[in-house]
Amino acid sequence: MSDPRTIPNPRTFRERFGALRTLRPFVSMVWRTSPGLTMGLVLLRLVRALLPVISLYIGKLIIDDVVRLVAMPARPVTVHDWLASGLLTGLAMLLLAEFGLAVLSDVLGRVVSLVDSLLSERVSNSSSVRLMEHAATLDLEDFEDAEFQDQLERARRQTSGRLTLMGQLFSQAQDLVTVASFAAGLLVYAPWLIVLLLVALIPAFLGEAHFNAQTYTLDFGRTPERRELDYVRQTAASAETVKEVKIFGLNGFLIEHYKRLAKSFYDANRNLAIRRAAWGGVFTTLGTIGYYAAYAYIAWRTLEGEFTVGDLAFLSGSFLRLRTLLEGLLTGFSSTAGQALYLSDLFSFFDTKPEILSPQDPAPFPHPIREGFVFEDVGFIYPGAERWAVRHLNFTLQAGEVVALVGENGAGKTTLVKLLTRLYDPDEGRILLDGRDLRDYDLEALRGSMGVIFQDFVRYNFTAGDNIAVGRIEARDDHARVERAAERSQADQVIQRLPGGYAQRIGKRFKNGVELSGGEWQKVAIARAYMREAEVLILDEPTAALDARAEFEVFQRFKELSQGKTAVLISHRFSSVRMADRIFVLADGKVEATGTHEELVSRPGLYSELFELQAAGYR
């Protein structure tokens, strides 16, 4: 865990307010989400911004009119006399106007709140969609990097966590208009009061800016620990982990681990909150002193007869509201700058660019594949790793043959599959498909021609039909194709036993979901590869949860259904891989040997050694 003392010092004021440059793309994003709602919100807030000064000025007129009427030497006595005299007409109109403004302000407040909430929700949905769309373009290398995961987590939090920023920006624009109107009134009577006001508020502004930067620095530095906190909380109470947590009695360990992480967060936040509150009290006192100094000055000028009682009420009210508004604007501006620091996390994520891309003028993908794949001195090392995952690979996967990859864990089998599908590109050498570099083909066309099922396949909590349809999601409504894929993988036998058949939700995350066994899930997952009806089929250890007989049957059907296709299968069971046309034995990232099962067993080497070890377990 990071020590709070090691977290970097807050950024300079120039750097903090430099983050405000992210507000322009943010406002642009809000506008693109809904121009109509955005324009409506601006107009509503503009009208609402002018109401306070108009209402306060009408209040001044009311007070002055009341004072005038009270000072009349021969004024009416009874209510009837007042009404009959017509002297109350002007006062009544002013009172009615102030009442109307109060009603309008309340109605506008509710309408603004409604439009603001609707726009906020649309911005949240739009930014979440944009995040998912951008994430879909990034490379596997990015997602396997811990620092990128931190960046993604910060960006994900901003899609909803910065909704307050949008409302704050519109509120500040509204307050600026109100401040301008109040300031105009003060300038007419006593311009120096505005200078006094600013001098009293600047310390509060600088203090808020400092503590907002401190908060961001703390949050930024603790992103890894926050992810760990969420992970521990999820692990302690989730359907995926509950069995093992209960069996091993991990609840106490996980709860204590969570408490330890949470306490560290609490202690750091508490210390910052205490310092912020203490300094905030000092700054508020300075603002209060400035207000009452101005109040005393206005009262003295009224006693001297330079201001009317209405002027006193208008000026003191204007100064009080102006102080409150300016204080809110200055601290809000500082808060906006602080939130802009967070917003930069979102836009820096959007600035992340993939390295594995389609060429500008891609070659047409071969249908069918005629020659196959050729590895020419291919080498690859994972980012940050010290050892090459594979190196100096030179072999051919011929079109239309079934090839098996065997080898001990870490030998490079899955890496080879990732290179074939361009989840990674080689660091050395190249991979040819029908004589052309894989990088010459359109990436989507390449991957769309491959049906791949990994050992760690995803268990989607969708319907059984959709779990298969994800193999070719654009053909989701082709029920015949879904059923055909299920029959090929023997998943149809599993689905026939489900209460809702293909429409049955599987997995226990949602209500009415039915959980499958590991082997049943694997048959459903394998159906995805058949659903794809691709030219290249790859099964990377997808049958680990099946018993030996079931795996043999799956691979036997795989062999039959792979006729005319290029197929690659990875398995540790030699009874399954022996059906392949050729077997590649990988060791330490290199192809140690190649041949049929009979050829490899008949000569000394890793394959015959592993075969004997496995066979001995059945004797």
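The values are calculated or read from the model by the stated rules, or taken from the named source; none is laboratory data. None of these values were measured; they are calculated from a predicted model. Positions of Cβ are generated from backbone atoms using ideal geometry, with glycine treated the same way; all protein chains shown enter the neighbour counts. Side chains are part of the model used for accessible areas, which takes the heavy atoms of the whole protein and leaves out ligands, DNA and RNA. Shrake-Rupley method; radii C 1.70, N 1.55, O 1.52, S 1.80 Å.
Remarks
- Chain lengthening between N512 and V129 when straightened (0.36 nm per residue, less Cα-Cα): 135.1 nm
- In Å, descending, principal axis extents of the Cα set of the stretch 85-132: 73, 9, 6
- Distance between the stretch 104-135 and the stretch 499-527 - C-alpha centres, whole angstrom: 37
- Measuring nothing but alpha carbons in the stretch 552-619 and taking Rh as the Kirkwood radius, the Rg to Rh ratio lands at 0.97.
- Rg followed by Dmax, in Å, when the stretch 99-163 is reduced to its Cα trace: 18.8, 64
- Accessible area in the full protein assembly, largest first, 1.4 Å probe, for K60, K590: K590, K60
- The coefficient of translational diffusion for the stretch 39-79, derived via Stokes-Einstein from the alpha carbon Kirkwood radius under 20 °C and 1.002 mPa s, stands at 166 µm²/s.
- Reachable lysines, given that their alpha-carbon falls under 20 Å from the alpha-carbon of K263 and they are not under 8 places away in the same chain: none
- Applying both filters, DSSP loop and at most 15 other Cβ atoms within 10 Å, to the chymotrypsin sites (Phe, Trp or Tyr not before Pro) of the stretch 490-599 gives F510.
- Cα pair count fraction exceeding 22 Å, expressed as % - the stretch 427-551: 38
- The value obtained for the stretch 363-450, namely the Cα convex hull volume divided by the number of residues, is 97 Å³ per residue.
- Of all lysines in the structure, the ones whose alpha carbon falls short of 23 Å from that of K259, not counting any fewer than 8 places away in one chain, are K243, K246.
- Semi-axis lengths, Å, the stretch 470-537, gyration tensor of Cα atoms, sqrt of 5 times eigenvalues: 20, 13, 11
- For E487 and N461, the FRET efficiency from 1/(1 + (r/R0)^6), where r spans their Cβ atoms and R0 equals 25 Å, is about 0.60.
- Simple spin-label estimate for T596 and L50 in nanometres, 7 Å along Cα-Cβ: 9.2
- The 1.4 Å probe gives accessible areas that order H479, H572, H134, largest first, as H479, H572, H134.
- These residues, S55, S571, S517, go from largest to smallest accessible area, 1.4 Å probe, as S517, S55, S571.
- With all protein chains modelled, accessible area of D345 [1.4 Å, Å²]: 10
- The label point for E533 and the one for N409, both projected 7 Å from the Cα toward the Cβ, are 3.9 nm apart.
- What the Cβ-Cβ distance of V282 and V77 gives, at R0 = 35 Å and to the nearest 0.05, is a FRET efficiency of 0.05.
- Over the stretch 468-619, equivalent-ellipsoid semi-axes from the Cα gyration tensor in Å: 33, 18, 12
- Pair-distance profile P(r), taking every C-alpha pair of the stretch 428-474, with 10 angstrom steps and integer %: 20, 39, 25, 15, 1
- Debye intensity ratio in log₁₀ form over the Cα atoms of the stretch 339-496, taken at each q of 0.10, 0.11, 0.15, 0.19 Å⁻¹: -0.53, -0.63, -1.04, -1.27
- Sites A475 and V107, calculated FRET efficiency, Cβ-Cβ separation with R0 56 Å, nearest 0.05: 0.60
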